[in-house]
Amino acid sequence: MSTSLHSHDIEQKLYDAATEFVKERYPQGWGGAGAVYTDAGSLLISVAPEVINDAVHLCMETGAYLEAHKLNERVTHSLCVARDDENTGFKVLTPCGICQERLFYWGGDVKAAVYDPSGQLIFKTLNELQPNHWTKAYSND
């Protein structure tokens, strides 16, 4: 099943869902969440687990990526948001290099939200973020 939503609508829907989730999950203090959208129309949200040993820490998006794998659905969009506390606005966090590697499983056309200092909601494909990604050495292009 393929979604009929336009990319801009998906992007805004992800942002709204993630920020509303953070407000409920973390009503006070710091809060953040990752959210992904799949080609089947699933919107999956996850948080970073709280751990006592920082060496086992995972990014906020990881749970949503794993859920997409479990459902056997292709991720098309990924977003991560955080706020410093309940009195500050949300910032979009560009996926770290490890999360970009996780997303490349679904291809270079996956769109990821990126930080913009003006607060504008911007998504770029992984190919735009990493035009020289190592997988290019193995593609038939």
For region 99-112, just list the computed ³J(HN,Hα) in residue order, Karplus coefficients 6.51, -1.76 and 1.60, θ = phi - 60°, integers in Hz, with x standing in for Gly and Pro. 5, 4, 4, 4, 5, 4, 3, 8, x, x, 8, 4, 9, 10
Note the count of lysine pairs whose C-alpha atoms are less than 21 angstrom apart in the chain, limited to pairs 8 or more residues apart or on different chains. 11
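Given the DSSP H assignment, sum -39500 (n - 2.57) over each helix run of at least 4 residues in the chain and divide by its residue total; what's the result at 222 nm in deg cm²/dmol, nearest 500? Show your work: numbers first, answer last.
Values: 4 runs with 40 residues, N = 141.
My calculation for the chain gives -8500 deg cm²/dmol from helical runs alone.
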Scalar couplings 3J(HN,Hα) for region 82-89 by Karplus 6.51 cos²θ - 1.76 cosθ + 1.60 (θ = phi - 60°), nearest whole Hz, x for Gly and Pro, are 8, 9, 6, 6, 5, 9, 10, x
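From the Cα trace of the chain, what convex hull volume per residue do you get, rounded to a whole Å³?
On the way: hull volume 18.5 nm³, N = 141.
With only Cα atoms used, the chain gives 131 Å³ per residue.
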Inter-part gap, Cα centre of region 118-141 to Cα centre of region 1-64, in whole angstrom, is 21
What does the net charge come to around LEU44 if you take all other residues with beta carbon closer than 10 Å to its beta carbon, with K and R at +1 and D and E at -1? -2
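Roll a 1.4 Å probe over the protein chains and send me the accessible area per residue for the chain in Å². Walk me through the numbers before you get to the answer.
On the way: 8160 Å² over 141 residues.
For the chain, the solvent-accessible area averages 58 Å² per residue.
What does the charge count near LEU58 come to, summing +1 for each Lys or Arg and -1 for each Asp or Glu among other residues with Cβ under 15 Å from its Cβ?
Numbers: positive: ARG102; negative: GLU50, ASP54, GLU61, GLU67, GLU101.
Here the count lands on -4.
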If one compares the long axis through the Cα atoms of helix 7-25 with the longest principal axis of the Cα atoms of the chain, the angle in degrees, nearest 10, works out at 30
Long-range HN-HN contacts of LYS111 with modeled amide H, under 5 Å: HIS77, SER78
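Please state the relative contact order of the chain as a whole percent: Cα pairs under 8 Å, 6+ residues apart?
Working: 253 pairs, mean separation 27.0, N = 141.
Result for the chain is 19 percent.
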Roughly what angle does helix 62-71 make with the longest principal axis of the chain, taking Cα atoms, 0 to 90 degrees, to the nearest 10? 50
From the phi of every residue in region 133-139, what ³J(HN,Hα) in whole Hz does the Karplus formula 6.51 cos²θ - 1.76 cosθ + 1.60 yield, where θ is phi - 60° and glycine or proline is x? 4, 4, 5, 4, 5, 10, 8
Carbon and sulfur together cover what percent of the accessible area of region 44-88 at a 1.4 Å probe radius? 53
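The values are calculated or read from the model by the stated rules, or taken from the named source; none is laboratory data. Keep in mind the model is a prediction, meaning the values are calculated, not measured. Please note: Cβ atoms are built from the backbone with ideal geometry, for glycine as well, and neighbour counts cover all protein chains shown. To get the accessible areas, we keep the full protein, side chains included, count just its heavy atoms, and leave off ligands, DNA and RNA. Shrake-Rupley method; radii C 1.70, N 1.55, O 1.52, S 1.80 Å.
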